[in-house]
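Enquirer: Below you will find the structure I want to go over with you.
Values in this text are rule-based calculations from the coordinates and carry no lab data. Computed from a predicted model, the values in this text were never measured in an experiment. Glycine also receives a Cβ, built like all others from the backbone with ideal geometry; neighbour counts cover every protein chain displayed.
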Amino acid sequence: MAGLRRRVPGPRFAGFTVLPVTGQHRDRTGRPVREDSFLVLLLHEPDAKSRAAIEEIRAVYKRLFDQETVPLVSTPARVSF
């Protein structure tokens, strides 16, 4: 978690939250695998700079936690603080 937090600095995005989660997926052989993980919610502008930063974070997460893939769900949102 600490390695990930160091790579998600607040100034890159309007806001972010990291939540511990437990999930399940199928590995390359089709076998179900349950594991603890993290859900990262990012608030960001819909631009190339933000997308590049998100892809960098996904690559770091894959390497740090030896993941085959890191899912991404992206949706427009209206946010106010």
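Enquirer: Quick one: among VAL18, VAL33, VAL60, which has the greatest mean-square fluctuation in a GNM of the chain with alpha-carbon springs under 10 angstrom?
Expert: It is VAL33.
Enquirer: Something else: Below 8 Å between Cα atoms, with a sequence gap of 6+, how large is the relative contact order for the chain in percent?
Expert: About 27 percent, as a whole number.
Enquirer: Okay, next question. Please report the Cα spread of the chain along all three principal axes, rounded to whole Å, starting with the longest.
Expert: Reported extents, whole Å, longest axis first: 41, 25, 23.
Enquirer: Would you compute, from DSSP H runs of 4+ residues alone, the mean residue ellipticity of the chain at 222 nm, taking -39500 (n - 2.57) per run and dividing by the full residue count, rounded to the nearest 500?
Expert: For the chain, the value works out to -8000 deg cm²/dmol.
Enquirer: Using a Gaussian network model of the chain whose springs link C-alpha atoms within less than 10 Å, name the residue from ARG51, ARG26, ARG34 with the highest mean-square fluctuation.
Expert: Highest fluctuation of the listed residues: ARG26.
Enquirer: Continuing with the same structure: For the pair SER80 and ASP36, what calculated FRET efficiency results from E = 1/(1 + (r/R0)^6), where r is the Cβ-Cβ distance and R0 = 30 Å, to the nearest 0.05?
Expert: Once rounded, the FRET efficiency stands at 0.40.
Enquirer: Kindly rank 40-50, 70-80 from highest to lowest mean number of other beta carbons found within 10 Å of each residue.
Expert: The packing order, highest mean first, is 40-50, 70-80.
Enquirer: With springs only between Cα atoms under 10 Å, which of ARG31, ARG58, ARG12 fluctuates most in a Gaussian network model of the chain?
Expert: Among ARG31, ARG58, ARG12, the largest GNM mean-square fluctuation belongs to ARG31.
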